[in-house]
1. Could you run through segment B:330-384 and say how many residues are under 30 Å from residue A:112 (Cα atoms) and within 16 Å of the ligand (Cβ to nearest atom)?
2. As an exercise: evaluate residue B:69 against (1) within 15 Å of residue B:161 (Cα to Cα); (2) in contact with a Gly (Cβ under 8 Å, 6 or more places away or on another chain) and give the number of the one condition it does not meet.
3. Does residue B:391 count as within 12 Å of the ligand (Cβ to nearest atom), in contact with a helix residue (DSSP H, G or I) (Cβ under 6 Å, 6 or more places away or on another chain) and in contact (Cβ under 8 Å) with a residue 24 or more places away in the chain?
4. Just one of (1) away from chain B (no Cβ under 14 Å); (2) surrounded by 15 or more Cβ atoms within 10 Å (Cβ to Cβ) trips up residue A:85, so point out which.
5. List the pairs whose first member sits in segment B:431-457 and is touching a residue at least 60 places away in the same chain (Cβ under 8 Å) and over 20 Å from residue B:499 (Cα atoms), whose second member is among the basic types (Lys, Arg) and within 16 Å of the ligand (Cβ to nearest atom), and whose Cβ atoms are under 9 Å apart, counting only residues at least 6 apart or on separate chains?
6. Return the only residue of A:18, A:59 being in contact with a strand residue (DSSP E or B) (Cβ under 7 Å, 6 or more places away or on another chain), among the hydrophobic types (A, V, I, L, M, F, W, C) and more than 9 Å from chain B (Cβ to nearest Cβ).
7. Restricting to segment B:167-200, name every residue that is touching a residue at least 40 places away in the same chain (Cβ under 8 Å) and not in a loop (DSSP other than H, G, I, E, B).
8. When you check residue A:42 against the structure, is it part of a helix (DSSP H, G or I) and either touching a Cys at 6+ places or on another chain (Cβ under 6 Å) or at the interface with another protein chain (Cβ under 7 Å from one of its Cβ atoms) (or both), yes or no?
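The values are calculated or read from the model by the stated rules, or taken from the named source; none is laboratory data. Here the structure is a predicted model, which is why all the values come from computation and not from measurement. All Cβ positions, even for glycine, are placed from backbone atoms using ideal geometry, and neighbour counts span all protein chains on display.
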Amino acid sequence: MKTNIILSGVGGQGILTIAAVLDTAALSENLFVKQSEVHGMSQRGGAVQCHVRISDKQIFSDLIPEGKADLILSVEPMELLRYTPFLNKYGWLVTDSHPFINTDNYPDKNDLFKQIKKHPYHIIINATEIAKKIGNSKVTNMVLLGAAASIIPLSEESLLDAIKKLFQHKSDKIISLNLKAFFEGKKIAKEITNLATNI
Amino acid sequence: MKSLLLGNEALAQGSIDAGLSGVYAYPGTPSTEITEYIQRSKLARELKIHATWSVNEKTAMESALGMSYTGLRALVVMKHVGLNVASDVFMNMSVSGINGGLVVVVADDPSMHSSQNEQDSRFYGKFAMIPILEPSNQQEAYDIMHYAFDLSEELKLPVLVRMVTRLSHSRAGIELRERRAQNVMQLPTDTSRFALLPMNARKQFDKLVNKKAILIKLSESSSLNDLKLSQHNDVGIIACGIAYNYVMENIGDDVSFYSILKISQYPLPKEKIKKLYKHCDKIIVVEEGYPLVEELLHDYFNKNDKIKGKLTGDIPLTGELNPNTVGKSLGIFQNISKSIPEIVSGRPPQLCEGCGHTDLFNTINELIPEIGNKNVFGDIGCYALGALPPLKTVNTLIDMGASITMAKGAADAGLENAIAVIGDSTFTHSGMTGLLDAVYENSPITVIISDNSAIAMTGAQESSAVGRLHKICLGIGVHPDHLKTMIPLNKNHEQNVELLRNELKYKGVSVIISERPCVRLSRDKKEEIKAKIASLS
Ligand code: SF4
């Protein structure tokens, strides 16, 4: 078993929290993990990505080779597309539909969606909106993780435990908010994918 | 459960567990997390490991040498270009030798993710004639520190550990070892080797040169340099440091078809290389950085086309390695036909919303029509982003401190209205000496110290400049009438433009301190800084 996941977004959007949940969950299942992340200049509002590799065997490269990612999970739709060369033939794209616009030449978001939909396996959800409804846009990343959970070969139990562990030094309210976000994302993704398979 | 650590953190924990007594460093991507980890470590605090930031890499390395002089184990950490700053002590302490174990960790940044060049620190290690260790993964980064300190004490030489961005900033599960006790103070038996007067230095240099044979012998027998010969003799691979991972990623289950020499310790084990060379029809050298090993191979075996690598174009000469470029060089099919969809536009980094640097640049930009658009000399820090659109204020960015001295040189040449923009911590790192040069000649330049009370670019570390800038400038000899302060806020725009216009008219050194804390600092941190400033004034 080997799973390659690319997390993407804009510096400051919190993709490292998603990575930390994945890593912790994988280690708790006694799997090997490698997770390469971006520090430094790009964190100032630039494009950032994070490669997470999970396997039951030793992992060598910290970077995922092109064409080998099983999932690209993005907190921003244009940043999702930046990494599609990494996607394998049966790979999944999961993204927030909410664009983060901090450049003059940001494309029309409907064109972005069109481009994403060219890939057979995709989930586009308005995670930011969902997170706000739950109570805090900061949990957008957990909504997205929930949405992708069924694609990730880690048990839901270990993912939830990892979330609890990661936020253990915060208040109970924050923990339950994050868990709620996870379940909300999961539910909505299920509705979308059911719909897709019905067509 | 294993501990999940960044390569940098694994290395830091490895140092603590190897009996460290002090780490000295100036922040710089990709090396920063090593020192930060030790600063946060409870164990390190209990062990009273020194971990306060230094003013620059040179002072850091000299302090580490001082600690080593007393017999304790010291670590000094920097990014690759930081070693340029520290190169004076670096080159000389290999001649004097060390006492307590001294390890120099340098993190290179191939692909220049956060740097101005791709220099390869292995050349510095070779230049100083000391051992270089180059871990290939996080576990090795941890384990190698025990060995590095032991080796340093055994040889009485500093040891260079070379990291690269990708290893520094990638996490993996690490198994920890038992901790070695810290050294107790034991001053050198003979201090004359530390007094590098010519007669002592000559002796010491002879010793250093003669150690080379021992260093090579150690490399030959080191388990870090692992040679596996295959029954097939088509392809031999020399894989250095992290490059080994990219090789293994590609050959995976077919490993028995290749002969591989993994290199993680230098100087190179020549005998092992000869064995591999004799055994194989073709040798591919895979190394991160410059083609150092490849060049040496051409040297060993007279330049020939059996040796492949960066010089032959099989691997790109610039940029960091990745599994695809390495796979391609090994002749393994790479599935990389797809490209990024055209619709995707670039997203370069930019100053945070509400950053004081932006207001400062707006002030300067207001005067550009009067003074011309090529007069602003910049420096290293977040404000370097002022060179990019939409601001486009800053014209130069060369090294720490160069803003002031380049402005001075340009003014010497007759350029009017030369402006230097430098951050508070860059100023204390390498700007003060340049300012003295300018004061000494009263050069007609205007220096703006953009003081955000932090080393913001690398994650808001504490700046030693906090609360001291005015006194430093006055002490250096800036005339009190031309030492001004402004608050870079939009509401002060007109007033700030006027202030700058006036100082530009003055044909001597002016310093304007533009004061506003980085907006990323937490409220607590800002309070802390306020208290510190109050205590210093
Ligand atoms: S980190 Fe601070 S100094 Fe750097 S761009 Fe952001 S606000 Fe400005």
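1. Going through segment B:330-384 one residue at a time, the tally reaches 8.
2. The one condition residue B:69 does not meet is (1).
3. yes
4. Status for residue A:85: all satisfied but (1).
5. B:453/B:516; B:453/B:525; B:453/B:526; B:454/B:520; B:454/B:525; B:456/B:520; B:457/A:44
6. Criteria check complete, one pass: A:18.
7. B:167, B:168, B:170, B:171, B:172, B:173, B:174, B:193, B:194, listed by residue number.
8. Here the answer is yes, as residue A:42 does meet what is asked.
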